[in-house]
Structure formats: C-alpha cells, structure tokens
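First up is the structure itself, then whatever we jot down about it.
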Amino acid sequence: MHLAVLPADFMWCDVGSFFAKSPASFDAVTRALEAIPEIVECHFTTGKYDMFIKLYARNNHHLLSIIHDKLQPLGLSRTETLISFHEAIKRQMPITVEEEED
C-alpha cells in the first residue's frame, strides 16, 4: 500500500482523455502513464473517452504542464477535466462472505 501526504494546496483532478491511437497501443500508453508521478489512477472506460485518469496537481499551471508536456506527447487529442473542491464521502465497501450450509 502506498500512502502520500499532500500539501493542502494540492488539488486532485479527473481527466477524461481521448487518445488518437489504436486500442492495440493502449498498453504502451498505460506504461507511459505509470511513469508520470502525478497520475494516481487510470481506468479504461466506455463512452466518449478512452481512459479516465486521476491525477494530482499543485495548481492550474501545473495541471496545464502535465497535460501539455506529459500527456499530449502520448497521443492525447482531447480532454475533459473535472476538479474536486471537496471530497464529501470516502469509504470502503464492506465485503461479506456467506458460508454455504452443509
């Protein structure tokens, strides 16, 4: 388990991203995304975007540099960015395992 304590002025962003590449190249893109320390999650999605990326940025300028300098060279052609102002709920889902009766 990795734990990062971020300064209060960090913001997390969800970036819906469309990559102008074939799905066969997504493995290479995923490996490249793993090398970007600000990216903490990456999901393949359905809908208008290929991937959903969660990342942390210090401010809007830092976010712009991540998108321009680190994501666009990977083939990023379009993004939609959502910025979280406040995390209202965060919890883990309990998993109940029922035992079979003999």
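Bear in mind these aren't lab numbers, they're just calculated from the coordinates by the rules spelled out. Since this is a predicted model, take the numbers as computed values, not measurements. Reconstructed Cβ throughout: ideal geometry from the backbone, glycine too, with neighbour counts over all protein chains shown.
Could you check, for region 36-45, whether at least one of its residues is in a helix (DSSP H, G or I) and either among the acidic types (Asp, Glu) or without any contact (Cβ under 8 Å) to a residue 24 or more places away in the chain (or both)? No - not one qualifying residue is present in region 36-45.
Looking only at region 47-102, residues that are farther than 24 Å from residue 31 by Cβ and β-branched (Val, Ile, Thr) come to 5 in all.
Of 89, 95, 67, 83, all but one fail to be β-branched (Val, Ile, Thr) and within 18 Å of residue 36 (Cα to Cα); the exception is 67. Filtering 82, 33, 71 for residues that are touching a strand residue (DSSP E or B) at 6+ places or on another chain (Cβ under 6 Å) and in a helix (DSSP H, G or I) leaves a single hit, 33.
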